[in-house]
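Below: the structure, in structure tokens.
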Amino acid sequence: MRFTIFNTPIISQLLSLTAKIFLKLCGWRIEGEPPKTPRYVMVGAPHTSNWDFIFGLAIAMATRVECHWVGKHTLFWGPLNPIMRWMGGIPLDRNGRCRRGSLVKQTVGCFKQRRRLGIVVCPEGTRSRGDRWRTGFYHMAKNANIPIVLGFLDFKNRRGGFGPTIQPGDCIDKDLHEIQAFYADIYGKYPDCFSPVYPATH
């Protein structure tokens, strides 16, 4: 088993306690049940501020949920490699020569190689408002035959945690509408920057 910031003995327990204290001091509460399935794609939304990382990590630490992330392979060079991996990072080849859809295929491959793995994806792709979400997260889950967990951060009501779990079906439009309905009353740090799951025409 590869140790990460989420499961290293003693350190993970101390970080979990620290995270709980931090959230309490900030007046935040955790809602929802952490995912029980061994493999999943977790949506991280809304993503409108650098504070998302801090509160998202605190919730993951407090609930002892292992949240991995994928990053460009060049970030994992030399002495940074073990540090990035310990922080939950998984290197992927994001070279421009890779054909379209390669990142989804690589991530699906990671799921097929591991019995336990949760990867967090921010479908908005940027903190600025965009036209719509990128759907790579959906295709990762569908192709790996694993569920999507809707993680959320609601800065207006100082709450965050885990929403419903969705198993991708035969109709992506139906599933994305369900996802959009869930986030309808979730407010990011900067609500005007929250990108819609669907463009306004849907």
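The values are calculated or read from the model by the stated rules, or taken from the named source; none is laboratory data. Everything numeric here is computed off the predicted structure, so don't read it as measured data. Cβ atoms come from the backbone with ideal geometry, glycine included; neighbour counts cover every protein chain shown.
Some values worked out for this structure:
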read-out	value
Test set (1) modelled with pLDDT of 90 or more; (2) surrounded by fewer than 19 Cβ atoms within 10 Å (Cβ to Cβ); (3) in contact with a helix residue (DSSP H, G or I) (Cβ under 9 Å, 6 or more places away or on another chain) - Gly101 fails condition number	(1)
Residue count for the range 6-25, restricted to those that are out of contact with any Ser or Thr (no Cβ under 7 Å at 6 or more places or on another chain), part of a loop (DSSP other than H, G, I, E, B) and surrounded by 12 or more Cβ atoms within 10 Å (Cβ to Cβ)	2
Test for Arg94: is it over 22 Å from Ser195 (Cα atoms), touching a Ser or Thr at 6+ places or on another chain (Cβ under 9 Å), assigned to a loop (DSSP other than H, G, I, E, B) and modelled with pLDDT under 95	yes
Search result, residues across the range 26-59 that are among the β-branched types (Val, Ile, Thr), touching a strand residue (DSSP E or B) at 6+ places or on another chain (Cβ under 8 Å) and buried (at least 18 other Cβ atoms within 10 Å of the Cβ)	Val41, Val43, Ile59
Number of positions in the range 45-71 that are assigned to a strand (DSSP E or B) and modelled with pLDDT of 95 or more	0
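Residues are listed down the side, and each one gets a yes or a no for (1) part of a loop (DSSP other than H, G, I, E, B); (2) more than 25 Å from Pro38 (Cβ to Cβ); (3) touching a residue at least 24 places away in the same chain (Cβ under 8 Å); (4) in contact with a helix residue (DSSP H, G or I) (Cβ under 9 Å, 6 or more places away or on another chain):
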position	(1), (2), (3), (4)
Asp131	yes, yes, yes, no
Ile146	yes, no, yes, yes
Phe152	no, no, yes, yes
Gly163	no, no, yes, yes
Asp170	yes, no, no, no
Lys174	no, yes, no, no
Ile179	no, no, yes, yes
Val197	yes, yes, yes, yes
